[in-house]
Amino acid sequence: MTATTLYTVIVADDEDELRESVCTMIPWRELGFRLIGSASNGLDALQLVEKHAPDLLLTDIRMPFISGIELARQVREVRPATNIAFLSGYDDFEYAQQAIQYNIISYMLKPLTIEGLGAELRVIRRKLDAQFALFRQASPHSHGQEQRAAMLMPLVLDGYVESEESAQIEAGAIECGLLRDAEDKPGYTVMVSVLLGEDGAVRTTPALVDSIDRLASKYLRSVSFFSAGKVITVLLGSPADFGSYLYILAEEIPQMAERVLAGRCRIGISRMTDRLTGLHDAYREAMEVLRQGDRTEGGAQFIGDLAPSARGGAFLCRRALELIDRYYMDASLSLATLRDMLDVSPNHLSACIKKYAGETFINILIRRRMEAARELVVHSELKIRDIARRCGYTDQHYFSYCFKKYCGESPGAMRQRLSAEKAGGGA
């Protein structure tokens, strides 16, 4: 990152006066930031993050509709490269610390002066500088990591292993520290990453090995090495680990590559295998994803994304829109549940929806729910709380806020207006 580049920031706080003071009185450019948006609640903050992909989200811990911690969790799913700074009251501090796993870069206790916030933003700026510098620069591997990479490389690239060698391979994995002991039985996934320039040419360098390993270590055990213009990463974890973190890691790497290196990172990811001797087949799956995937786009794809039912981004987007239309009234409908219905990764599904529908999943879902809600407000006598439930909202206040934002007036106000117009027309 050059000295003239500014980190982008979004401010979220439901206290209007405080939010306006922060937005207008902080000398953002002087501190190395560029303010790109503000929000008064967690829903708007999440939509702004999806739209603008900021480097920093500065948010109150207590927010309407989506709490600060839930906001942090959802931001990590859609934009893991975004760091989050919490503003919290003293009584919320321990509560805020529960979200440390969600890329929390700072906790600030209220009340906070403008001068105090400015001082903390300088600290955050230095932390972001360090993050970006680490992603850009290579550093020497530890001796142990070098040993682990040397041990894994022939298993991944060659794959010729006699059956009687399995025990010897496992003993070697324990000796070099890849496995903790004989009882350590993780699953393994192979991830292959390629960095492309604006012209589509391969720009992968050995420095990317360290960058990917550092990001991966936040979520999973990993060992990476460089081979023929690719970074090959062996990830270790339980099925639950992979289910919780692999999709997030697969989002964060391309996001950081685009922001810090100004390049597109394509990633192919294999199925999980429970054997070290299965790493070569896993590597071939990851390479098959890169060969068959969309070479014009950055981002991650999984071997399951190439299944016949998922082939073709336009088809997948159309199926997703059909499922939203069918299940919008279900309050639990999410990108994760859609992923399970379509048997593809959320990364691939989200990318296809954005590419072919031109909007994010959450915006499409809200619009569908609001269209249904408006029909019920206008053409039924259902109570507002019942309309909210029928449209997937368990919180009537949240529903009314979304309705007013989408339709320009609250559901109650719309009914009163239509009733008055009808009465006036009949006079």
Kindly provide log₁₀ I(q)/I(0) values, in the same order as q = 0.19 Å⁻¹, from the Debye equation applied to equal alpha-carbon scatterers of the range 199-301. -1.00
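Nearest-5 percent of antiparallel DSSP beta bridges in the chain? Mind showing how you got there, number by number?
Details: 22 of 46 bridges.
Of all bridge pairs located within the chain, approximately 50 percent are antiparallel.
With r as the distance between the Cβ atoms of Tyr327 and Lys383 and R0 = 22 Å, compute the FRET efficiency 1/(1 + (r/R0)^6) and round to 0.05.
0.45
What are the trypsin sites (Lys or Arg not before Pro) within the range 339-397 that DSSP puts in a loop, where the Cβ has at most 15 other Cβ atoms within 10 Å?
Details: sites: Arg339, Lys354, Lys355, Arg367, Arg368, Arg369, Arg374, Lys383, Arg385, Arg389, Arg390; in loops: Lys383.
The qualifying sites are Lys383.
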Could you name the aspartates and glutamates in cross-link range of Lys110, using Cα to Cα under 18 Å and dropping any fewer than eight places away on the same chain? Asp13, Asp14, Glu15, Asp16, Glu17, Glu20, Asp60, Asp91, Asp92, Glu94, Glu120
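Could you work out [θ]222 nm for the chain from helices alone, using -39500 (n - 2.57) per DSSP H run of at least four and dividing by all its residues? Round to the nearest 500 deg cm²/dmol.
Working: 18 runs with 217 residues, N = 427.
Here the helix-only value at 222 nm equals -16000 deg cm²/dmol.
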Return the Cα extents of the range 367-409 along principal axes one, two and three, sorted largest first, each rounded to a whole Å. 22, 19, 17
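Among the listed pairs Lys218/Lys355; Lys218/Lys405; Lys383/Lys405; Lys355/Lys405; Lys51/Lys230, which have their C-alpha atoms separated by more than 27 angstrom in this model? Each step should come with its number before you reach the end.
Working: Lys218/Lys355 29 Å; Lys218/Lys405 38 Å; Lys383/Lys405 20 Å; Lys355/Lys405 25 Å; Lys51/Lys230 30 Å.
Violating the 27 Å limit, Cα to Cα: Lys218/Lys355; Lys218/Lys405; Lys51/Lys230.
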Note down the accessible area of Thr24, probe 1.4 Å, to the nearest 10 Å². 100
Computed over the range 291-427, the convex hull of the Cα set has an average projected area, in nm², of 9.6
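Using DSSP to define loop residues, name the GluC sites (Glu not before Pro) in the range 318-424 whose beta-carbon has at most 15 other beta-carbon atoms within 10 Å.
Details: sites: Glu322, Glu359, Glu371, Glu375, Glu381, Glu409, Glu421; in loops: Glu359, Glu381, Glu409.
Those satisfying the criteria are Glu359, Glu381, Glu409.
Need one number: % antiparallel among DSSP beta bridges in the range 224-360, to the nearest 5.
Antiparallel bridges: around 50 percent, rounded to the nearest 5.
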Between the range 109-131 and the range 393-427, the alpha-carbon center distance in angstrom: 43
Report, ordered by chain and residue number, the aspartates and glutamates lying within cross-link reach of Lys127, taken as a straight Cα distance under 17 Å and ignoring same-chain residues fewer than 8 apart. Glu30, Asp55
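Leaving out ligands and nucleic acids, and using a 1.4 Å probe, what accessible area per residue does the chain come to in Å²? Intermediate values should be presented prior to the final figure.
Working: 20290 Å² over 427 residues.
Value returned for the chain: 48 Å² of accessible area per residue.
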Have a look at the chain and give its Rg and Dmax from the Cα atoms, expressed in angstrom. 24.4, 94
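The values are calculated or read from the model by the stated rules, or taken from the named source; none is laboratory data. The shown structure was predicted, so the numbers you read here are calculated from the model rather than taken from an experiment. Note: ideal-geometry Cβ built from the backbone for every residue, glycine included; neighbour counts use all protein chains shown. SASA here: full protein model, heavy atoms, side chains in, ligands and nucleic acids out. Shrake-Rupley method; radii C 1.70, N 1.55, O 1.52, S 1.80 Å.
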